[in-house]
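The structure under discussion appears below in the form of C-alpha cells.
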Amino acid sequence: MQMLTYKIVTFGCQMNLADSGILSAILESRGFKGVESEKEADLIILNTCSVRQKAEERVFGRLGELSALKRDNPDKKLAVVGCMAQRLGQSLLDRAPYVDFVLGTDRLFDLPQYIGEQNGAPLIHTEFGHENIDIDLPARDSKCSAFVTISRGCDNFCTYCIVPYVRGRERSYPVSDLVQQVRSLVEDGVLEVTFLGQNVNSYRDGERDFSDLLRTVAEETGIKRIRFMTSHPKDLSDRLIDTIAAVPEMMPHLHLPLQSGSERILKKMGRVYTYSHYRNLVRRLREAVGEISLTTDLIVGFPSETEDEFRMTLDAVREIGFDSAFMFRYSVREGTAAAQYNDDVSETGKIRRLTELISLQKNISFEKNQCEIGREHSVLVDGVSRRDESVLKGKTGGNKTLLFKADKKYIGTIQQVKVTAADSWTLHGELLG
Ligand code: SAH
Ligand code: SF4
Ligand code: F3S
C-alpha cells in the first residue's frame with residue numbers, strides 16, 4: 001500500500017490535540033506528509049470526542065461529508081480514533097461502514113499496523129492496554145509552546161461524565177521521562193509547556209506527587225513557563241498552592257472546574273467537594289499567589305436542578321469572579337451513573353439557563369479585562385492575529401490573548417506589552433521598547 005499524505009481532524013479537548021500531535025509524529029517518521037485538506041489526503045484520521053451528544057453528532061456530520069470523498073476515491077483511507085471510537089466500536093462501523101479502521105484511546109501506537117506495515121490487524125481495536133505509556137511524543141501547540149501529557153485516564157467517575165469509560169484508569173508517566181521530554185523541547189526552542197491530564201492534581205510517580213513534578217521540571221530543564229490543566233478541586237492541596245506561589249516559572253492561571261454552585265447538585269454530580277470548600281480554595285490561592293486568573297467549567301440543567309439551584313450557580317459565578325468559563329448544557333451519556341436519573345430539565349429550560357449564565361459571565365469577563373487596561377504583561381508571542389496579519393498575538397501569564405502591532409520577528413519570544421483596550425474575550429496593547 002502506497003499512502004503518503006495525511007490529514008488529521010481533531011475534535012474535543014487538549015488531550016486529543018496532544019494525541020493528534022503524537023499521531024502526526026508517528027506518520028511523519030514513516031514518510032507521510034501533512035496536507036491542508038481532506039481532499040488531498042490519502043489517509044484521513046478523525047480524532048474524536050464523546051463528552052456530549054453534540055460532540056458526537058458533529059463527528060457523524062463530518063463522516064457523512066467524507067463518505068462522498070471515499071466514494072469518488074475508494075483508495076483513500078478513512079480512520080476514526082479517540083474517545084468516540086472507544087465508546088462506539090462496532091456500532092460506529094455499523095453506522096458508517098465506509099470507515100476503514102477504528103482505534104481506541106489506548107491504541108494510537110498501533111497506527112503503524114494500519115498503514116501497510118503489518119497485515120491482519122483487527123478492523124476495530126479498542127482494548128485498553130498500558131504498554132504504550134512509555135513511548136510518548138510531545139505535541140507542538142506552536143513553535144514556542146507545547147503540550148505534554150503527564151497522565152492518562154480518570155478515576156473520578158463524576159456521575160455525568162463519559163471520560164473514565166473512554167479513557168480508562170488513571171496512569172501517570174514517570175517524572176524522569178517528563179523531565180527528559182521537557183528538556184528536549186527546550187533544546188528545540190520551546191519556552192512554555194502545558195502539562196495535560198484529566199486531573200493533573202492526582203499525578204503520582206511512586207513517592208512523588210504533582211508539586212514534586214512541577215518543582216523538578218522548573219529546576220532541571222530551563223523551561224521558562226509552566227502551565228497545567230485540568231485541576232480537580234478535591235485534589236488541590238495547600239502544597240500545590242504553595243508551589244504555584246513559590247516557583248517563578250509557574251504561570252498565574254488556574255483552570256478549576258466548579259460545575260455547579262449548589263451543594264445538592266454537586267453531591268449528585270459526585271464531585272465530592274462543597275461550594276464552601278471551593279470558595280476557600282480560591283481565597284487561599286489569592287492570598288498565596290496574589291493576582292491569579294481563574295477559569296472554570298459549568299454545567300446547567302443537570303437532572304433535578306431547580307431554578308433556585310441554577311441561581312446558586314449564578315451567585316457563585318458572581319462571587320468568585322471567573323476570568324472566563326466554559327459553560328455547557330447537561331447531556332445524557334449512556335452508561336454513566338447520571339443516565340439513571342430523570343433528565344427532567346427541558347431542552348428549552350436548559351437553553352434559557354445557559355444563555356443567562358453566558359451573558360452574566362460575559363459581563364464579568366468584560367469587567368475583569370477592563371481592569372487590565374494600563375497594566376504591563378510579559379507576553380509569549382505565538383503568532384499573528386487571525387483577522388489581521390500585521391497584528392501579533394500573544395498570551396499573558398493569566399492565559400489571556402493580547403493583540404498588538406509589531407514586527408513578526410517577535411514571534412516565538414517573550415515581550416513586555418502594555419494593555420490599552422479590552423473586550424470580553426481579548427486584550428489589545430502596545431509593545432514596550
Ligand atoms: N477532566 C476535566 C474535564 C472533563 S470534560 C475535569 O474534570 O474538569 C470537560 C468538561 O465538560 C467538564 O468539566 C464538564 O463541565 C463538561 N461535561 C462533561 N460531561 C458532560 C455532560 N455529560 N454534559 C455536559 N457537560 C459535560
Ligand atoms: Fe470527567 Fe470528572 Fe474525570 Fe473530569 S474528573 S474527566 S469531569 S469524571
Ligand atoms: Fe472529549 Fe475525550 Fe477529551 S471525551 S473532552 S476528547 S477526553
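Can you confirm whether segment 189-202 contains a residue that is within 16 Å of ligand 3 (Cβ to nearest atom), on the phi < 0 side of the Ramachandran plot, outside any loop (DSSP other than H, G, I, E, B) and touching a residue at least 60 places away in the same chain (Cβ under 8 Å)?
Within segment 189-202, one or more residues are within 16 Å of ligand 3 (Cβ to nearest atom), on the phi < 0 side of the Ramachandran plot, outside any loop (DSSP other than H, G, I, E, B) and touching a residue at least 60 places away in the same chain (Cβ under 8 Å).
Enumerate the pairs (first residue in segment 2-21 and away from ligand 2 (no atom under 16 Å from the Cβ); second residue anywhere and among the β-branched types (Val, Ile, Thr) and at pLDDT below 95) with beta-carbon separation below 7 Å, excluding pairs fewer than 6 apart on the same chain, so at least 6 apart or on different chains.
Partner pairs satisfying both residue conditions: 3/115.
Return the only residue of 231, 260, 211 being within 16 Å of ligand 2 (Cβ to nearest atom) and closer than 19 Å to residue 175 by Cβ.
So the residue among 231, 260, 211 that is within 16 Å of ligand 2 (Cβ to nearest atom) and closer than 19 Å to residue 175 by Cβ is 231.
Which of the residues belonging to segment 47-99 are closer than 25 Å to residue 15 by Cα, more than 15 Å from ligand 3 (Cβ to nearest atom) and of a type in the set (Lys, Arg)?
77
Restricting the search to segment 335-349, which residues are without any contact (Cβ under 8 Å) to a residue 40 or more places away in the chain and either part of a loop (DSSP other than H, G, I, E, B) or closer than 12 Å to residue 158 by Cα (or both)? First the steps, then the outcome.
Pass one, segment 335-349, residues without any contact (Cβ under 8 Å) to a residue 40 or more places away in the chain: 339-340, 342, 346-348.
The answer is 339, 342, 346.
Which residues, counting only those in segment 306-342, are in contact with a strand residue (DSSP E or B) (Cβ under 9 Å, 6 or more places away or on another chain) and either of a type outside the set (Gly, Ala, Ser) or at pLDDT below 95 (or both)?
Listed by number, the residues that qualify are 310, 313, 317, 320, 322, 323, 326, 327, 328, 329, 330.
The values are calculated or read from the model by the stated rules, or taken from the named source; none is laboratory data. Every value quoted in this text rests on a predicted model; they were computed, and no experiment measured them. When we count neighbours, we look across all protein chains shown, and the Cβ atoms used for this are built from the backbone with ideal geometry, even at glycine.
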